[in-house]
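Below: the structure, in structure tokens.
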Number of protein chains: 4
Amino acid sequence: MSKNFRVPTMSLRIIATGGTFDKHYDPLTGNLFFQQSVLPAALRRARIAPQAEQDCVFEALLALDSLDMQDEHRDRIKQACLQSAQKRIVVVHGTDTMRETAAALAAAQLDKTIVLTGAMVPYLIDDSDAFFNLGFACAAAQLAQPGVYIAMNGQLFDWDNVQKNREQGRFETRR
Amino acid sequence: MSKNFRVPTMSLRIIATGGTFDKHYDPLTGNLFFQQSVLPAALRRARIAPQAEQDCVFEALLALDSLDMQDEHRDRIKQACLQSAQKRIVVVHGTDTMRETAAALAAAQLDKTIVLTGAMVPYLIDDSDAFFNLGFACAAAQLAQPGVYIAMNGQLFDWDNVQKNREQGRFETRR
Amino acid sequence: MSKNFRVPTMSLRIIATGGTFDKHYDPLTGNLFFQQSVLPAALRRARIAPQAEQDCVFEALLALDSLDMQDEHRDRIKQACLQSAQKRIVVVHGTDTMRETAAALAAAQLDKTIVLTGAMVPYLIDDSDAFFNLGFACAAAQLAQPGVYIAMNGQLFDWDNVQKNREQGRFETRR
Amino acid sequence: MSKNFRVPTMSLRIIATGGTFDKHYDPLTGNLFFQQSVLPAALRRARIAPQAEQDCVFEALLALDSLDMQDEHRDRIKQACLQSAQKRIVVVHGTDTMRETAAALAAAQLDKTIVLTGAMVPYLIDDSDAFFNLGFACAAAQLAQPGVYIAMNGQLFDWDNVQKNREQGRFETRR
């Protein structure tokens, strides 16, 4: 069955924009904040193979709470996707406005596979879902057809068929 | 572009067979060993949504070092895949003989998507790749065509086009 | 030298009052908050021996940011220390007003060894100092003379000879 | 009560000799082994204050399983303690022969406070007691009278009044 099917060679861009995934704890203020992205360390931990790394590009684009994300920021994400040499892209994003950014990217009609993911608990906090979500999104971006998707809770959603259930802290198919 | 494409609803079986991924530390002997699988806790941590969990079945089948895996064990994995109500399956397996088990599963010509994954560092040890790999495999199993695959190092490999590079501790395309 | 000296048998009370040490992350709001104290799990992890546990009592007294701690709360901590059957007491407390609580306890002139400790980074967040501080305070409470102390940064301070350096996020001898 | 008592300024030497505390996982072999000690990172995590660090010296002396520790190694530990400018010393050691090394150090009759500690679970493995034990030993070394001690399970033991209970994986007073 898999005879005539060949998995494509990895060629992936991972774009950090901030969000819960990438929050750090500031011991001086007691607040969560952004500093250098955790993603480069997370990708090393994932043991992405050296030869593959040539085609796995990390880009630290923004470091924002998704509630602070404005049209100009979405434009910058769109530009980054447009200019990406890689046609398969993971965007790490805050969960609150992930869908709005996905809509903006879908409107741009890029012929690329763009998977937005994030986390309900920061990567650096106990029991975080972030590292699983990153792995999930990296696979989805490599395998799904061109389009814009949201990957959360172990599921891939079409961008226009998902909503965040804020009471339960998870993403679900739109009703 | 994504208009006529709908991501399938999750329907996934995750089968534990042991391997580095699932090793624990025994404080009495100082050795690594198998006890209750870490996978149920890992899946909760991944925040797989309740309604989806109905279709995300976990099965603790074996708890073996992959070097100890014999034909009879591979038969049991094959049977588990054959009998699985879910057509999309993740098998968590030791890395040393992952390819041999994949070959046995491919020979069975099941009309299912089976993704074998594992870890270079146990889930419970610092800097482990396990949780990323699990996320990656869960996405790959939901998205790839029927066939048998190996997911490691952030890449999906066709089962017959991969080898473990033991000097570098990673999987790579066969030469 | 150690011939005529016998280390006393452990008899220790550990009192939780909240503070950074014990903060959890709330995935629904993105804020840090208090829920069930991490201390019972931390003490199990410390492998405090079963027979000793009879004399190692944990008390969940308060769950407050130390900035919210008022005189009435300090009275409750004082009462808890006064009524403690154990003469050696660790109080886990927020760092911002640790010194004020220590002063209130010192004023009570209890014939007990009371060691206040806390953390600059919550126990559940990456790279936390909390578990070290807890171990340090448990030893200090068992070994120091009656009095009130603050244990932070791997040092034991007399309560009236310490200040928090807020710019550097550490405790130091008063100048 | 604490009026006339002043906690001494920290002046501490921490000597690594190996043991479970300091074991790493080797992804290439699947075995636990020694490489660069985790202690410098652990001490930074403990946020030992900069000015204090001048008096908190770390020494990577040995990297041995305690079962491999011979008389010559114990001589080296004894020499390191003898030559230490700090009179308060923590020795991180494997648990299996901690008592034998303690006996050798006690026989040397050094006028120093030497606290041996270790871990039942390596620092880098989930649910490890190591960081607590390190904190405990750092306090005990600063506060106990000159002599040789073993710090495990949240208790300080005189070196000649402790035994490892191998069935239960803990240290206890000798019977």
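Under 8 Å by Cβ, and 6 or more places apart or on different chains, what pairs join a residue from segment A:67-80 that is open to solvent by 100 Å² or more (accessible area, probe 1.4 Å) with one that is of a type outside the set (Gly, Ala, Ser)?
Short answer, once both residue conditions are applied: A:Leu67/A:Asp96; A:Leu67/A:Thr97; A:Arg76/A:Leu61; A:Arg76/A:Leu62.
If C:Gln145 satisfies every condition in (1) in contact (Cβ under 8 Å) with a residue 24 or more places away in the chain; (2) crowded, with 20+ Cβ neighbours inside 10 Å; (3) within 11 Å of chain D (Cβ to nearest Cβ) but one, which is the exception?
(2)
Select, from A:Leu116, A:Leu110, A:Leu61, A:Leu134, the only residue that is open to solvent by 10 Å² or more (accessible area, probe 1.4 Å) and within 13 Å of the chain's Cα centre (by Cα).
A:Leu61
Out of the residues in segment B:9-30 meeting the condition of being closer than 30 Å to A:Asp158 by Cα and among the polar types (S, T, N, Q), tell me which one is least open to solvent (accessible area, probe 1.4 Å).
B:Ser11
Restricting attention to segment C:86-119, which residues are farther than 13 Å from C:Phe157 by Cβ, among the charged types (D, E, K, R) and in contact with a helix residue (DSSP H, G or I) (Cβ under 9 Å, 6 or more places away or on another chain)?
Result: C:Arg88, C:Asp96, C:Glu100, C:Lys112.
Could you grab me the full set of residues in segment A:158-171 that are free of Cβ contacts under 8 Å to residues at least 24 places away in the same chain and open to solvent by 10 Å² or more (accessible area, probe 1.4 Å)?
Within segment A:158-171, A:Asn161, A:Asn165, A:Arg166, A:Glu167, A:Gln168 meet the criteria.
For B:Asp126, indicate whether it is open to solvent by 10 Å² or more (accessible area, probe 1.4 Å), within 14 Å of chain D (Cβ to nearest Cβ) and out of contact with any Ser or Thr (no Cβ under 7 Å at 6 or more places or on another chain).
yes
Tally up the residues in segment A:29-69 that are touching a strand residue (DSSP E or B) at 6+ places or on another chain (Cβ under 9 Å) and farther than 30 Å from C:Met120 by Cβ, please.
Adding up the residues that qualify gives 12.
Among the numbered criteria (1) in contact (Cβ under 8 Å) with a residue 40 or more places away in the chain; (2) on the phi > 0 side of the Ramachandran plot; (3) open to solvent by 10 Å² or more (accessible area, probe 1.4 Å), which single criterion is violated by A:Ala103?
(2)
Of all residues in segment A:53-96, how many are in a strand (DSSP E or B), closer than 9 Å to A:Ile15 by Cα and not charged (D, E, K, R)?
Residues in segment A:53-96 being in a strand (DSSP E or B), closer than 9 Å to A:Ile15 by Cα and not charged (D, E, K, R): 9 in total.
Conditions first: (1) within 9 Å of another protein chain (Cβ to nearest Cβ); (2) open to solvent by 40 Å² or more (accessible area, probe 1.4 Å); (3) at pLDDT 95 or above. D:Gln51 passes all but one, so which condition is the exception?
Unmet for D:Gln51, out of (1) within 9 Å of another protein chain (Cβ to nearest Cβ); (2) open to solvent by 40 Å² or more (accessible area, probe 1.4 Å); (3) at pLDDT 95 or above: (3).
Give just the number: which of (1) within 14 Å of chain A (Cβ to nearest Cβ); (2) surrounded by 20 or more Cβ atoms within 10 Å (Cβ to Cβ); (3) free of Cβ contacts under 8 Å to residues at least 12 places away in the same chain does C:Phe33 not satisfy?
Result: C:Phe33 fails condition (2) only.
Within segment D:164-175, work out how many residues are part of a strand (DSSP E or B) and not charged (D, E, K, R).
Of the residues in that region, 3 qualify.
Can you pull out the residues in segment A:76-110 that are more than 13 Å from every other protein chain (Cβ to nearest Cβ) and of a type in the set (Asp, Glu)?
A:Glu100
Return yes when D:Arg45 is at pLDDT 95 or above, under 20 Å from C:Gly154 (Cβ atoms) and open to solvent by 60 Å² or more (accessible area, probe 1.4 Å) and no when it is not.
Against the criterion (at pLDDT 95 or above, under 20 Å from C:Gly154 (Cβ atoms) and open to solvent by 60 Å² or more (accessible area, probe 1.4 Å)), D:Arg45 does not qualify.
In this structure, does B:Ser84 turn out to be under 30 Å from A:Asp129 (Cα atoms) and at pLDDT below 95?
no
Any residue that is modelled with pLDDT under 95, more than 15 Å from C:Thr20 (Cα to Cα) and facing chain D (nearest Cβ under 8 Å) - is there at least one of those in segment C:129-141?
No, there is no match, as no residue in segment C:129-141 is modelled with pLDDT under 95, more than 15 Å from C:Thr20 (Cα to Cα) and facing chain D (nearest Cβ under 8 Å).
The values are calculated or read from the model by the stated rules, or taken from the named source; none is laboratory data. Just so it is clear, the structure is predicted and the values come from calculations on it, not from any experiment. Glycine also receives a Cβ, built like all others from the backbone with ideal geometry; neighbour counts cover every protein chain displayed. In case anyone asks, the SASA skips ligands and DNA or RNA and just uses the protein heavy atoms, side chains included. Shrake-Rupley method; radii C 1.70, N 1.55, O 1.52, S 1.80 Å.
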